[in-house]
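Input: a single structure, listed below in structure tokens.
Values in this text are rule-based calculations from the coordinates and carry no lab data. What you see is a predicted model; the values in this text were computed from it and never measured. Here Cβ is always computed from backbone atoms with ideal geometry, including for glycine, and neighbour counts include all displayed protein chains.
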Amino acid sequence: MAHKTKRRVVITGLGAITANGIGKDAFWEAISNGISGIKPIQRFSADNLPLQVAGEINTFLANDYIERKLVNRTDRMTHFVFATIQEALQDAGIALAQENPQRVGAVIANTFGGLEYVIEQIQTIYARGPRFVSAYTAIAWLQVANIGQASIRYGIQGYCKTPLNDTAGGLDGLGIAYQAIQRGAADVIITGGCEAPLQPFPLTVLAYTAPCVKGDDPNSYRPFDRRAAGLILAEGAGMCILEDYEHARQRGASIYGEIVGYGQTNDANGFTPPSSSGKQYARSMCLAMQEAGLRTQDIGYFSLDGQAMLPSDAGEADALHRAFSTDVEDLPVSVPRTMIGHSYAAAGVLDTITALQALQHRAIPPTINCEELDPGYGLNLVRDETRPLSQPAVLIGGRGAGGINVVLAVKKV
Amino acid sequence: MFRRVVITGLGVVACNGIGKEDFWSACVAGRSGIRGITRFDASPLSSQIAGEIANFDPEALGLTPEECVNMDRGTQFAVAASHLAMKDAGILDALSEEERNNSGVYMGTAIASMENGEKLLVQLMGQDKQPSSDEMSHMIPASLRMTNAPACAVATHHQFHGPCTIIATGCSAGADAIGQAFWAIQEGRTDRILAGGTDSAITYAVMSVFCVLGATSTRNDDPQRASRPYDKDRDGFVMAEGAGVLLLEERDLALARHAHIYAELIAFSSNINAHHMTSLPTDGEPLRQLLLQVLDEAGITPAQLDYINSHGSSTPPNEAAETKAYKAAFGEQAHRIPISSTKSMIGHSQGAASAIEAVATVLTLEHQVIHPTINQELADPSCDLDYVPNVARPATVNVALTHSSGFGGVNSALVLVRPDWIDRQ
């Protein structure tokens, strides 16, 4: 049922679980007040790890959202998915029972799969033997579990995908779902990202291979700061209800904003963190701006990737200068994620949820911890306190290992 | 108006043949690639057979010495298959920077680089005290955290700067990656995409996980006859590894460079069962809906359909449901359309399977020969259609459909036609 003219895609519901707030309202309350959720890791002893702080979610109880049996058969990543879908659907005021199930889809990004569940099972296999492994392992572990379980719980029968793209997977998911609704492959898509990597084994791997800051300082995630030494890892999920604009209008939904542009490029530089060259990332910015028909003066702020490593920060600044030239001085930029840590596939979706709430509340959320902003970057970074926002659009950027560059443009309707 | 998308290059790494020639001649001859597992000691497992890629030589397949060292096995399969596909298309290392800016990579995986992670986890379990920071840095491969490695590695190998993504929809992942790539080219977002799937998950832990589900065949004493979709004695799928990559190109660009065009991709549809994580409804209803949807997208009738490359995983409930869906969707035509399962020869390579099956479907259109479903010995009354038993068959195939179903419930289908078929209508 491909439509000849591209349909408009709007966002009508939000759901969030982050280290500084459960639920989109608590999340915005914290993020707009510069309140950090980064704390010492509590779920296990991190004494033997090179890092001891993370964006951990301590007050979340899966039993509040799903029945015990399902809690036991699914991983923590999927618990986050159930909770955020429930919130986002309620927020959108949409009754799925009244929708054609074949026109409703789900696109849920994830990077690492259900690690808590599968690692325990692999240890069992090697310690006790293959017969002792749980029969639910395969379905709890694979990234596809999230859309599988969501489809069963909500009777979704349409277009469902699981994008996986390192730290940029969440934005990629929003882009894929946006394109699917645009071309008419679905009317409503539950779109988000989830991640639950705060376990001893994955944290060990990430601590030694990912661009993470070491140590126990909860204020050490400081992008564009002279002392920048990496990001702080986090868990969490963000969920958005994406809808065909006409569909949303007909049911009288309130609309947060519209996805108006999406650009994706690749540095093609192998298994390395985002590079110091912003050449391809600048192309993503231009692609998203062109598709959206946006000018610099329309943009309230650019939500940056801010990995807080010298090459990555330099590359992001380079891209901004290439794409915006001298206008970059007037373009407010921010990394609100400094308050919740980097939750990989959830991160880009949470940045988008922040952006949509920023448009609603007319406030640019700040970057924290950047006390010694490196002036060499030439960036207009919003620090410590919100700034007023009057323009209609926000750009959200994300980069990932392997050279992925994604930029999403959202705008008020 | 959507642009048209054609297939101009094929690369395949399968257990019965590497490269399109070896793979296709093995498929037409009905040769199985299933053997006893050699990658680890499988004796404690109920299922001890798999479709392993024997004698995989990454360097001979175009990988650099660095790629041979730094990449996990599944990623190497993907790069090797993409190298074969670009060579086949005649544009290996031949694209300008601007052309590479408009070239992307979409790969499907279900399990991805499990082997290295499992090895490290076991290594750490066995240690009495935590290794030092220095030791740890040496123990952990840099690519271990990169679950998107197969797509990024292919993009890096060919210096493609367009969109690059992994779709991880279980056993439909490869077809989904191809479908997403098709849409991206149709809509004018990109001009060419290397699309396909890869997986290398024949490990002790992964096999244990599937064995406990009773999902895999236990015909350990007769591996080549273990994968037997539609046969009454089928007892589960056979685990396999491999990769399939196709070069998708915008049609006018392919015509302009006088490329050999294998086929035109004219439709992609996808849905989800919303039923159960590991089984499909016995009436085949979601598959019926999908088949009708993809024919509608393609603008064709069941009477025009010449061939189906099925999911056919050798799982007792799957093939019965599949057969019901064909009958419900195609009516009387279901008995006329030849159906064959590539998995009967190469087992189930997870995220790679549907991409390798897309390669097989394209080769069917190219050679006008339908490869058989092997191991058809005992008829199952619930599977009473034409599954092209045991022997390949020459046929006129203008329009072909390939579909897949998987863990989590995603079903996807692609419709491919002979390069000139649309214009002859």
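Quick look at the numbers
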item	result
Chain A: Lys pairs at Cα distance under 26 angstrom, eight or more positions apart or on different chains	14
Built amide H within the under 5 Å cut-off of B:Tyr387, gap 5+	B:Ile339
Within chain B: Cβ-based charge dipole about Cα centre, in debye rounded to nearest 20 (Lys, Arg +1; Asp, Glu -1)	480
Pairwise FRET efficiency - B:His276 versus A:Gln98, Cβ, R0 = 30 Å, nearest 0.05	0.80
Choice from B:Met136, B:Met114, B:Met71 with maximal GNM fluctuation in chain B (Cα, 10 Å cutoff)	B:Met136
Counting DSSP beta bridges with both ends in chain B, the antiparallel % (nearest 5)	70
Magnitude of the charge dipole, the protein assembly as shown, Cβ model with Lys/Arg +1 and Asp/Glu -1, debye to 20	1100
Separation in nanometres of the label points that stand 7 Å from Cα toward Cβ, at B:Phe40 and B:Leu92	3.3
Unit charges at the beta carbon, dipole of the protein assembly as shown: most positive-side option, B:Leu120, A:Asn165, B:Tyr307	B:Tyr307
Charge dipole of the protein assembly as shown about the Cα centre (unit charges at C-beta), most positive-ward option of A:Phe80, A:Gln264, A:Ile241	A:Ile241
Beta bridges by DSSP in the protein assembly as shown, antiparallel share as percent, to the nearest 5	65
Inter-label distance for B:Asp252 and B:Thr396, nm, one decimal - labels placed 7 Å from Cα along Cα-to-Cβ	3.2
GNM result for chain B, Cα springs below 10 Å: residue of B:Val397, B:Val12, B:Val206 fluctuating most strongly	B:Val206
Shielding score for A:205-218, defined as the mean number of other chain Cβ atoms within 10 Å	3
Karplus 3J(HN,Hα) series, Hz, for the range B:144-161 with 6.51 cos²θ - 1.76 cosθ + 1.60 (x for Gly, Pro)	4, 6, 8, 5, 8, 3, x, 6, 4, 5, 5, 4, 5, 4, 9, 6, 8, 10
Test item: Cα-centred dipole of chain A, Lys/Arg +1 and Asp/Glu -1 on Cβ, debye	1080
Amide H partners (placed H, <5 Å) of A:Ala363, local residues excluded	A:Leu389
Cut-off under 5 Å, modelled amide H: who pairs with B:Ile272 long-range	A:Gly158, B:Asn411
Residues A:Ser277, B:Ser103, B:Ser137 arranged by fewest to most Cβ contacts within 10 Å	B:Ser137, A:Ser277, B:Ser103
Most fluctuating residue given options A:Arg76, A:Arg131, A:Arg183, as computed from a GNM of chain A linking Cα atoms under 10 Å	A:Arg131
Between the range A:310-347 and the range A:161-201, the alpha-carbon center distance in angstrom	21
Antiparallel DSSP beta bridges within the range A:9-250, as percent of all bridges there, nearest 5	60
Inter-centroid distance (Cα atoms) of the range A:211-272 relative to the range B:391-425, Å	38
Gyration tensor (alpha-carbon) shape descriptor, chain A, a/c threshold 1.5	oblate
Phi to ³J(HN,Hα) by Karplus 6.51 cos²θ - 1.76 cosθ + 1.60 over the range B:17-29, Hz, x for Gly, Pro	x, 10, x, 4, 5, 5, 4, 5, 5, 5, 5, 5, 7
The range A:261-411: C-alpha gyration tensor shape, a/c 1.5 cut-off, then a/b vs b/c	rounded
Cβ-Cβ FRET estimate between B:Glu66 and B:Ser25, R0 fixed at 41 Å, reported to 0.05	0.80
Positive dipole terminus of the protein assembly as shown, leading residue within B:Pro281, A:Ile404, B:His371 (C-beta point charges)	B:Pro281
Residue-by-residue Karplus 3J(HN,Hα) for the range B:362-376, coefficients 6.51, -1.76, 1.60, Hz, glycine and proline x	4, 5, 5, 5, 5, 9, 6, 9, 9, 6, x, 9, 8, 6, 8
